[in-house]
Structures are given as structure tokens and as C-alpha cells.
Amino acid sequence: MRVTLPGTGAAATRRTTRVSAAAVLLAGLLLPYASSAPAQAAPPPRTTSGATAAVPAASTAAASAAADDLTGDIAFSVPSGTFQGQVSVSLSTAIGGAEIRYTTDGKPPTAASALYQGTPLRFTRTTELRAQAFTGGAASGKPGTAVYAARDTTTAHDLPVVLIDSYGAGKPGRDYVDTATMIFDPGGGGTTSLAAAPAVATRAGVHLRGQSSASFEKAPYRVEFWDNDNDDADYPVLGMPADSDWVLRGPYPDKSLIREALVYDLGKEMGLQAPRYRFVELYLNTDSGPVRSDDYMGVYMLVETIKNTKNRLDLKKLHEDDTTLPKIQGGYIWKFEWMAAEEPTLPCGGASSTCWSYLEVVDPSPLQAQQKEWLRTYIQDFHNVLHSQNFADPDTGYRAYIDVNSFVDQLIVYELSRNMDANYRSAYFYKDRDTKIFAGPLWDYDLTFGVGGFFQNDQTSGWQYQQTRQPVANDWFTQLLRDPAFVDQVRARWQSLRRGVLSDSALQSRIDALSRPLTNAAQRNFQRWPNLTTRTIGFFVTPTASTWQGQVQYMRDWMLRRAAWLDTTAAWGGPTTSPSPSPSPSPSTSPSPSPSPSSSPSPSPSSSPSSSPSPSGGAPGACSATMRVVGSWPGGFQGEVTVRAGNAPVSGWTVTWAWPGSQTVTQVWSGTRSGSGSTVTVRNESWNGSLAANTSTTFGFLANGSAETPAATCTSP
């Protein structure tokens, strides 16, 4: 496929990732873990959400202009859309004395193409009908295109529907495939189907996107609307501003279907940049027959891409000749894509142990050599300052380079969700011409809230930023957290958000609002993809539940437990005077699977540490241990042990228990296991051995066999 740059006609090859996504991810996951001036205000958050908004006049005009441009100077008797059985189309033009020539193979018509004789053209298969007026053997006026998709299903949907038909070319791969793409909008409270008139019907290029997600049967796709010259065509979509570039993200390991939408909504309300989106249901027809019910692909999110345009990130535009000050200072967008960055990338100078890696520049494109060097130098200066002795100096330290508020909020989003790829993949940053570096926009949050199973991201306690892998993408947040003032700012911001947008009640209300409109679509989705009780999906460990509602409840419970831990003094609770967060678990050498959800809702956790009484009269150093089953499945279960100090502090602990049957422990986290046979002994890690009087810590384990909770004993030196 030859694609041209918008408005230029110059040929350009779209960047595509041709490496094996599965091999890259697996290799990365199996690498050994590593050992262990005031900030500018963020730009006002965009008024965007997943809900349908009134389409502004500008978007309506853009839609009309794009549709008129596609039909050009050709009048099609039947507008683009779907049909059943057969469709008959007549062609005409207002150009005097012109004849019309047409094609049905996707190629632009030439003077040698088939001549339209005035008899209606009849189609029984999905067809891209392209036509051009000719006078005296030369093309005259604008070419026109209409797309007609054959269908054999009329299922009603209460979500918008996207149809992509590849004209029998098969499932899209890493290169763009020419498609007929249509979007059907049910409107307020109604339903729609493939038999309805589409709100958008256009030529579009579609290709496979993503890394690990590209290996899923329910795969993500990049969609680019095209005009007759393969240039970008801007259409408003489902209440979102007009643009040509979109992404279809299909929640697959995320069986709640709403994790990413939840993060985008929370981030936007906090003031971070995040893309607009709409939930849709996708039909993908890859054969030469009509669209059928088995082409249904389930619930997707139709999401704006991250790009520098007026209705998206809206930075100052860098042109190719902007190679000197002051214009060369921005805007720029870049991201970290661990083991998957594409050119242009920025190298890091300095010690490999502290340098960044896999930094990909997203915008501008193309990136001029002078712009690349200016940006690399600016980021290098920030990076060097961050690793210097005086990194926290309020005038010359890191605050001179970054918008601290956005970094604080980004860290909170990372830690609340325990994004498995935090800091390593889809980690975006941007800098406008007159601003510092901002963290964001948010992107790719499906491996969150207990989904993933690597780098301890399924645990509700501990720090995600400490879960490193090699080579390190960047250590910026780790360095920032060396500054007590930054830690205080994070703690104060967290506590403020917990009284508002991140309060337990606000979080639960948002989950309800996101999940309620998906009830019917979720049923269709899991009829198509019956994976609710499948524990491992692709590489990732996921919660199991017999219903979609159970999956939503699991996410709700996990999130509230995570927020409760972040409320503790071990994290961001307490006064804002603590020099830094308490140490957190060292990374284990193997992933920890997520627990299975219970069949009934768990009680909402309190926002403060447990205060249940410890045994009275305890001798100095005494401790106790209590075991509970967190989740179970055929042949195994997950347990959690709470270790509590008595009336005096302890400086280390050892917990022992004996299984009543043939149970065996297969994995322990937040503790070190020893022993064999039916007797299990677990000792503290270096970071959780010291407990103040009447305080507690926990460790978890996975075991084979039937779930049991034998009595456990605790001793302390």
C-alpha cells in the first residue's frame, strides 16, 4: 500500500513494527530483574469523556466536507452503506460532455478503465466503486468513491457499531490494508444495526498494532480514514472532534472491559492529558462473503491517537525549517517503548547503569537533525541534573525542567492502578515551545488493577516504580522520590484526591457509570470470547469469575484494597512531613498471579491501616500470625498471612505452619520460604521485618491442593 502525506501528494511509508511482538515481550519478561522554580501549572484538562457530546458546528462541517470530497464530482444513486443480496448503483456527473469510467478493484480509474454505459451497476459483494469523469480522454473534475458492504446479519446493538471490511484481503497485518469502514451510531438511548444508515462511511487504511496485544485473537487495530488520493480524511466520530487517525483497542485480558476507560477518565479529571474514546462493537469481515454474525469481534474502545493537532494535544507545530531558537524549543512528543521503540530514537550519554533506553520521538515527523539534537540535549540536561548532588535545588534542579504537578499525578495513576508497564511502555511525555516537560498523555492501561501477574503488579501493597527490569527505560520517578519535598507533594496530592475524585465513593460511582451501558454488549462479547474463567490469557495472569459482573466486582475490590494500602503510613498516609515513602518489596524472580475474585462483593476497605487489637500482655518481641484464603480454583488457591507485632516492637519474624493434607506451596511473595514437606517456614524480607508495637504486615503465597487455613505460629528474635 502506498500512502501519501496529507496535503502534499509526496509518497511516504507509514512506520510499522515488523518484529515479532510475542517474541519481544516474552524475551523481555524472562530477563532477570535488577537488584536492588515552582512547577508550571498543567494546561487545563480537555473537556473529553467517553460519553457522547454534542457535535460542534465545525465537526458537522468537517463531516460534510469529507463526505463531499469522497464523492467528488460523481453522483452515486445509492449512498455508501450496507446492503443485503444485491445493490444497483447508477452514476452521473454535472461535468458537461464528460464520460464516466470506473473501477471496482480499489485502483483509481484511468482512461482505459471500464466505461459507464448508463445501465445501473449491480453488486453482490462488498465493493469499492471508484469513478472519474473524462473529457477528451483526460480526467476532468474530482474523482469519486462510494463503498458498499454486503451483509447477512441485522443484530441490534445499543452501543455504536464499527464495520471494517477488507474486500476479502484477509485479516490486517502490520501494513495498511485498504478497507471499507463504516460507523453506526444508535443515538440517545436507542439501538442500531448494520442495516442502518452509517454516520461515517469511507475508505480507510487499517493495520494491526500493539506489542503483546497484537498476538491476541481479539487484536487492536490502527484506523486511518482516507480520501481519494490516500491522504488523510477528517471525520468527526461519535461526538469526538474530526480527525483521520484512530485506534481500536479490544479489552481482552481486561475482562471488566473498563480498566483503560477508568484510567483515562480519572486522569482527565485530575488534569492529565488523555485521549477521548467511545465504547463500540466491532465487526471485522476478512473474507469475500457478506458480513455475518461470526464476524462479530466484541466490545472495543475507539480511541483518539496521540498526536499534535488542534483537537488533541495541541502543541505549537514544528516545521521542517524550524531549526533555530526560539522555534526549535517545541513542541515535541516522545515516549518510552521498552524493547519496541521505533526510529527516530534518542541515545543517552553517560553511564549505562543510569541512562535511559528505548526513547522514541513521536512528533514532529519527520524529525530534523537539528531538532533531534536540541531535544536530546534538553532531555540529557534534565537527566543529568536529576542524577546530580544538587538535583533538588528549587532553582537549578529538576524543577527547572519539568512540570512537577503532572509528574506527581502520573505517579499516582501508575501506583493506584499498578500498571505493569509503568515507566517502560507507552510512557509518554511532551514539551511545548514555551513550557517545561509534562508527563502524559495517558495510554495503554489494560494490564492494571490486578491484571498482568508480572513485576508484582497484582499485589495491592508495595510500589510499582520499584519493579525494575533490564535495561532500564528510565529511572526518573525513582530519582524524583529521593527528594523529600517531592514525596511530600505526592502525599499531599494523594490525600487531597482521596477527598474527591479518588474517594472510595467516587471511584465506585465511576465504575458503575462505565459498566452500566455495557451490560448487553458485555454479554455478546463473552459469548464471542468465553474467557471469563480462563486464568492465563496470552502471557498474562488474569482474575477468574463466572460472570462479567464478577469481573467488574473483582476490579472494584482490588482497587479499593490498593487505595487503602496507599492510605497507610507505609505509603502516602500520615502527615506530609515524612522524608520519603517507606521501603517496599524487593522484586521477586518470578511473577505473582492475580487472585481469583470471590463470588460475592468484598466489603469496602477502610482508608486507614487495620487497628484490630493484638494479644494483650505480650512479651517484648512477641508476634502472631493469621492465615486467610484470598481465592481458589480447581487444584490450587492463594493465601495471605497477616503478621502482627504484640505490645512491643519486633525486629524480625518467622512464621511456621503445617499443612493438614498434601498441600504444597509453589510461590511466596513479601517473604522468604524455607523448609520442605508439610511444614512451611516463611521469614521476613529485609524491608518488612521491623514492626512497631501493635502494627502488622502481610505476605502472600500460592499453593497446590485444596484450600486450607491451618494455625500458624510466629516467633521473633
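The values are calculated or read from the model by the stated rules, or taken from the named source; none is laboratory data. What you see is a predicted model, and the numbers here were worked out from it, not measured in a lab. Cβ: placed from backbone, ideal geometry, glycine included. Neighbour counts: every protein chain shown.
Summary table
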item	result
Close pairs from segment 204-218: first crowded, with 21+ Cβ neighbours inside 10 Å, partner among the aromatic types (Phe, Trp, Tyr) and modelled with pLDDT under 95, Cβ under 7 Å, at least 6 apart	212/539
Residue check, residue 462 modelled with pLDDT of 95 or more and farther than 20 Å from residue 363 by Cα	no
Which listed residue is assigned to a loop (DSSP other than H, G, I, E, B), modelled with pLDDT of 95 or more and buried (at least 20 other Cβ atoms within 10 Å of the Cβ), from 201, 180, 196	196
Meets criteria (modelled with pLDDT of 80 or more, crowded, with 17+ Cβ neighbours inside 10 Å, within 17 Å of residue 699 (Cβ to Cβ) and within 33 Å of the chain's Cα centre (by Cα)) for residue 631	no
Qualifying residue in segment 198-216 (condition: more than 19 Å from the chain's Cα centre (by Cα) and more than 21 Å from residue 130 (Cβ to Cβ))	yes
Residues (surrounded by 20 or more Cβ atoms within 10 Å (Cβ to Cβ) and part of a strand (DSSP E or B)) located in segment 126-142	127, 128, 129, 130, 131, 132, 133, 134
Of all residues making up segment 681-717, the number that are among the polar types (S, T, N, Q) and in a strand (DSSP E or B)	7
Given (1) touching a Phe, Trp or Tyr at 6+ places or on another chain (Cβ under 7 Å); (2) assigned by TED's automatic domain parsing to the domain that holds residue 219; (3) among the basic types (Lys, Arg), index of the condition residue 335 fails	(2)
Matching option when the condition is surrounded by fewer than 23 Cβ atoms within 10 Å (Cβ to Cβ) and either among the hydroxyl-bearing types (Ser, Thr, Tyr) or farther than 30 Å from residue 318 by Cβ (or both), among 455, 486, 449	486
Hits in segment 691-717 (condition: among the polar types (S, T, N, Q) and in contact with a strand residue (DSSP E or B) (Cβ under 7 Å, 6 or more places away or on another chain))	694, 695, 696, 697, 698, 704, 709, 713, 715, 716
Boolean, residue 451 is of a type outside the set (Lys, Arg), in contact with a helix residue (DSSP H, G or I) (Cβ under 8 Å, 6 or more places away or on another chain) and closer than 26 Å to residue 631 by Cα	yes
Restricting segment 356-387 to residues that are surrounded by 18 or more Cβ atoms within 10 Å (Cβ to Cβ) and of a type in the set (A, V, I, L, M), the residue that is farthest from residue 474 (Cα to Cα)	367
Residues of segment 426-457 classified as out of contact with any strand residue (DSSP E or B) (no Cβ under 7 Å at 6 or more places or on another chain) and either within 30 Å of residue 545 (Cα to Cα) or not basic (Lys, Arg) (or both), total	13
Among (1) of a type outside the set (A, V, I, L, M, F, W, C); (2) assigned to a loop (DSSP other than H, G, I, E, B); (3) at pLDDT 95 or above - the single one residue 236 does not satisfy	(2)
Residues of segment 677-702 satisfying the condition of being out of contact with any Lys or Arg (no Cβ under 9 Å at 6 or more places or on another chain) and farther than 26 Å from residue 564 by Cα	677, 678, 679
One residue from 496, 505 being more than 18 Å from residue 576 (Cα to Cα) and more than 22 Å from the chain's Cα centre (by Cα)	505
Within segment 407-438, considering residues that are in a strand (DSSP E or B) and of a type outside the set (Ser, Thr, Tyr), the one surrounded by the most Cβ atoms within 10 Å (Cβ to Cβ)	427
Residue match in segment 375-388 (condition: part of a loop (DSSP other than H, G, I, E, B), over 27 Å from residue 274 (Cα atoms) and outside the structural domain of residue 220 (by TED's automatic domain parsing))	yes
Residue within segment 313-325 that is surrounded by 18 or more Cβ atoms within 10 Å (Cβ to Cβ), touching a helix residue (DSSP H, G or I) at 6+ places or on another chain (Cβ under 9 Å) and part of a loop (DSSP other than H, G, I, E, B) present	yes
Segment 401-428, residues that are within 15 Å of the chain's Cα centre (by Cα) and more than 25 Å from residue 700 (Cα to Cα)	410, 423, 424, 425, 426, 427, 428
Residues of segment 658-678 that turn out to be outside any loop (DSSP other than H, G, I, E, B) and over 20 Å from residue 628 (Cβ atoms), as a count	2
Only one of 450, 397 that is at pLDDT 95 or above and on the phi > 0 side of the Ramachandran plot	450
Condition check for residue 524: among the basic types (Lys, Arg), within 21 Å of the chain's Cα centre (by Cα) and either outside the structural domain of residue 216 (by TED's automatic domain parsing) or assigned to a helix (DSSP H, G or I) (or both)	no
Where a residue in segment 490-506 is in a loop (DSSP other than H, G, I, E, B) and its partner, wherever it lies, is among the acidic types (Asp, Glu), with Cβ under 8 Å and at least six apart	501/269
All positions within segment 538-549 that are farther than 19 Å from residue 459 by Cβ and within 21 Å of the chain's Cα centre (by Cα)	538, 548
Options 122, 101; residue that is in a strand (DSSP E or B) and exposed (fewer than 12 other Cβ atoms within 10 Å of the Cβ)	122
Residues of segment 241-254 classified as touching a helix residue (DSSP H, G or I) at 6+ places or on another chain (Cβ under 8 Å) and in a strand (DSSP E or B), total	3
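Here's the yes/no breakdown for (1) in contact with a Lys or Arg (Cβ under 6 Å, 6 or more places away or on another chain); (2) at pLDDT below 95:
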site: 209; (1), (2): yes, yes
site: 250; (1), (2): yes, no
site: 255; (1), (2): no, no
site: 281; (1), (2): no, no
